[in-house]
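Since every read-out is calculated from the coordinates, none of them should be taken as a lab result. In this text, all values refer to a predicted model and were calculated from it rather than measured experimentally. Here the Cβ positions follow ideal geometry from the backbone for every residue, glycine too, while neighbour counts run over all protein chains shown.
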Amino acid sequence: MNYIIFDLEATCWLGRPPHGINEIIEIGAVKVNRYGEIDSIFSKFVKPTYNPVLSDFCKKLTSISQSDVDKAKTFSKVCEEFMEWIDIDQDYMLVSWGKYDKEQLLLECKLHKLDEEWLDFHYNVKPAYRKLKNETHEQGLKKVIKNEGFEFSGIHHRAISDAENLAKVFIKYLENWDIG
């Protein structure tokens, strides 16, 4: 079993998105084997097609530049590379902090008429962590990283950094997750 700890960044605005669509602009993931070892890393920018110009808010929040996404491949191509990297013909579990990332991937797969079944294998660490720690409310990832004695590395709101940081917590409690 491989655990695919992943995070996404998407187009964003201070208000409602134009055309009502947020699009993925970065996929970051860490592949962790059943022994809690990191096997490989996936990090790609994605070129948005419906709203190709990033808002100033989005650029500031994510530190992703317009040129980063302009020279990137479209979602269909990056998603295909991501599925290949995951090796969806083998046992795997997608792992994210919250449900947003899986839901956004599902929306984009539907939007681009891509297979969605590979998203069925998903584990949401956020409520599981709260249950594990017997806490009454959910915390943000950055606070959890600090509370667990780790230093947040990389840039917050960058998919690869958030995935790498989540992997620290996931690996620490690998034996405790009720993944089934």
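Counting only residues at least eight positions apart within a chain, or on another chain, the aspartates and glutamates with an alpha carbon under 18 Å from that of Lys143 are Asp7, Glu135, Glu151, Asp162, Glu164.
Pick out, from Tyr92, Thr74, Pro52, the residue whose Cα sits farthest towards the positive end of the charge dipole of the range 48-95, with +1 on the Cβ of Lys and Arg and -1 on the Cβ of Asp and Glu. Looking along the dipole axis, the top candidate is Pro52. For a straight C-alpha distance cut-off of 21 angstrom, the lysines reachable from Lys142 (same-chain residues fewer than eight places away being disregarded) are Lys31, Lys59, Lys60, Lys99, Lys102, Lys126, Lys131, Lys133, Lys168, Lys172. Classify the range 1-147 as rounded, prolate or oblate from the Cα gyration tensor: take a ≥ b ≥ c as the square roots of its eigenvalues, call it rounded if a/c is under 1.5, otherwise prolate when a/b beats b/c and oblate if not. Oblate is the answer for the range 1-147, as a/c is 1.5 or above yet b/c matches or exceeds a/b.
Among the GluC sites (Glu not before Pro) found in the range 67-151, those both in a DSSP coil and sparsely packed, with 16 or fewer other Cβ atoms within 10 Å of their Cβ, are Glu116, Glu135, Glu138, Glu148, Glu151. Once the Cα atoms are used to define both axes, helix 75-86 deviates from the longest principal axis of the chain by about 20 degrees.
The C-alpha atoms of the chain define a longest principal axis, and helix 159-172 lies at about 10 degrees to it. Please give me the summed charge of the neighbours of Lys73: other residues whose Cβ is under 15 Å from its Cβ, Lys and Arg +1, Asp and Glu -1. So the surrounding residues net to -4. Rounded to the nearest 20, the size of the Cβ-charge dipole of the chain about its Cα centre is 740 debye, with Lys and Arg at +1 and Asp and Glu at -1.
Free of any trypsin sites (Lys or Arg not before Pro) that DSSP assigns to a loop and that have at most 11 other C-beta atoms within 10 Å, the longest stretch within the chain is 114-180. Summing +1 for each Lys or Arg and -1 for each Asp or Glu among the other residues whose beta-carbon sits under 11 angstrom from that of Gly140 gives +2. Each Cα pair under 8 Å and six or more residues apart adds its separation to the average, and for the chain the resulting relative contact order is 27 percent.
Listed from fewest to most Cβ neighbours within 10 Å, the set Asp162, Asp120, Asp70 follows the order Asp120, Asp70, Asp162. Within the listed set Leu114, Leu166, Leu141, the residue fluctuating most in the Gaussian network model of the chain (springs between alpha-carbon atoms under 10 angstrom) is Leu114.
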